[in-house]
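To start, the structure itself, in structure tokens.
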Amino acid sequence: MTQSSSNSVPGSGGERHVQAVMGTTERADRFYRDQMLDHLNPAMKEFVARQEMLFVATADAQGECDSSFRSGPPGFVHVIDDHTLAYPEYRGNGVFASAGNVVQNPHIGLMFLDFERDRIGLHVNGRVKVTEDERLRSHVPRLPLPQVPGQRALMWMVVRVEEAYIHCRKHIPHLRRVGAGESWGTDDTLRKGGDFFGAKEEGQARRGTAAGVGRS
């Protein structure tokens with residue numbers, strides 16, 4: 001959901017078209033009116049502050065989409081004020097798909113899901129800019145410090161909130177915490193999952209086949 005640039009009515013032109021076709025315009029208007037805010041209210045800020053996972057949606061300049069997952073201890077997503085939150089980017093596979101997308105296209109969609117306690121979700125849509133750790137920390141002194149030894153944020157994604165609204169619990173599974181058996185922040189390939197889906201093995205086999213064909 002993004003606000004139409006031509007007026008102050010919530011929802012994109014595409015949303016409005018599908019609502020008209022499906023006959024849900026009145027129901028959608030009621031949702032926009034009753035559930036959608038342009039900021040984080042106190043209940044939303046408290047909810048975000050205790051979440052340990054985050055799903056991220058971005059797109060590049062051509063609209064090619066990417067979804068990603070972020071996690072950390074409660075508070076790793078830091079609420080700066082009613083209209084601003086930030087989450088860290090740590091060392092990963094070096095691709096920087098999300099950061100690369102927002103350099104071209106600042107729109108971002110965040111999804112917080114609580115599977116354990118409240119079984120509820122929160123959508124946060126807005127615009128994001130990439131900010132260096134030192135620069136942001138100088139303006140936000142309460143920015144959380146890394147809880148894993150040696151880990152630090154390479155950058156922060158600072159999101160200006162444009163929409164915040166509920167994701168109902170109707171189909172959210174109720175999960176139970178079973179304890180921490182993983183090593184947070186590890187760079188050990190096998191402990192991170194290794195070649196779980198066999199992509200590396202498949203690629204090596206494909207390259208080997210291509211090399212064999214080239215020699216024939």
**OP:** Within segment 69-82, track down each residue that is loosely packed, with under 15 Cβ neighbours inside 10 Å and either modelled with pLDDT of 95 or more or part of a strand (DSSP E or B) (or both).
**Re:** Phe69, Ser71, Asp81
Original post:
What is the number of the single condition among (1) within 16 Å of the chain's Cα centre (by Cα); (2) closer than 23 Å to Phe115 by Cα; (3) open to solvent by 70 Å² or more (accessible area, probe 1.4 Å); (4) at pLDDT 95 or above that Cys65 does not meet?
Top reply: (2)
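If I ask for residues that are among the polar types (S, T, N, Q) and surrounded by 15 or more Cβ atoms within 10 Å (Cβ to Cβ), which ones from segment 83-112 would you list? Step through it out loud before you land on a result.
From segment 83-112, those among the polar types (S, T, N, Q) are 84, 93, 98, 101, 104-105; that's our starting set.
Thr84, Ser98, Asn101, Asn105 - these are the residues of segment 83-112 that are among the polar types (S, T, N, Q) and surrounded by 15 or more Cβ atoms within 10 Å (Cβ to Cβ).
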Original post:
Looking at segment 48-57, which of its residues are over 12 Å from Met111 (Cα atoms) and not in a loop (DSSP other than H, G, I, E, B)?
Top reply: Ala49
Subject >> Leading residue by the ranking (most open to solvent (accessible area, probe 1.4 Å)) among those in segment 47-62 that are more than 23 Å from Asp118 (Cα to Cα) and polar (S, T, N, Q) >> reply: Gln62
**OP:** Considering (1) within 28 Å of Arg152 (Cα to Cα); (2) modelled with pLDDT of 95 or more; (3) open to solvent by less than 30 Å² (accessible area, probe 1.4 Å), say which one Ala28 fails and leave the rest.
**Re:** (1)
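Take the conditions open to solvent by less than 50 Å² (accessible area, probe 1.4 Å) and of a type in the set (Phe, Trp, Tyr) and apply them to Phe115. Does it pass? Let's see the steps before the verdict.
Numbers: open to solvent by less than 50 Å² (accessible area, probe 1.4 Å): yes; of a type in the set (Phe, Trp, Tyr): yes.
Taking the combined requirement at face value, the residue satisfies it.
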**OP:** Would you check which residues across segment 118-171 are open to solvent by less than 70 Å² (accessible area, probe 1.4 Å) and part of a helix (DSSP H, G or I) and list them?
**Re:** Asp133, Leu136, Arg137
**OP:** Check Gln19 against each of (1) open to solvent by less than 40 Å² (accessible area, probe 1.4 Å); (2) of a type outside the set (Lys, Arg); (3) part of a strand (DSSP E or B) and name the one condition it does not meet.
**Re:** (3)
Original post:
Just wondering, is there one or more residues in segment 32-46 that are of a type in the set (Asp, Glu), closer than 23 Å to Arg137 by Cα, outside any helix (DSSP H, G or I) and open to solvent by 40 Å² or more (accessible area, probe 1.4 Å)?
Top reply: no
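The values are calculated or read from the model by the stated rules, or taken from the named source; none is laboratory data. Model, not experiment: these values are computed from the prediction. Cβ coordinates were reconstructed from backbone atoms using ideal geometry, including for glycine residues, and neighbour counts include every protein chain displayed. Ligands, DNA and RNA are excluded from the accessible area calculation, which covers all protein heavy atoms including side chains. Shrake-Rupley method; radii C 1.70, N 1.55, O 1.52, S 1.80 Å.
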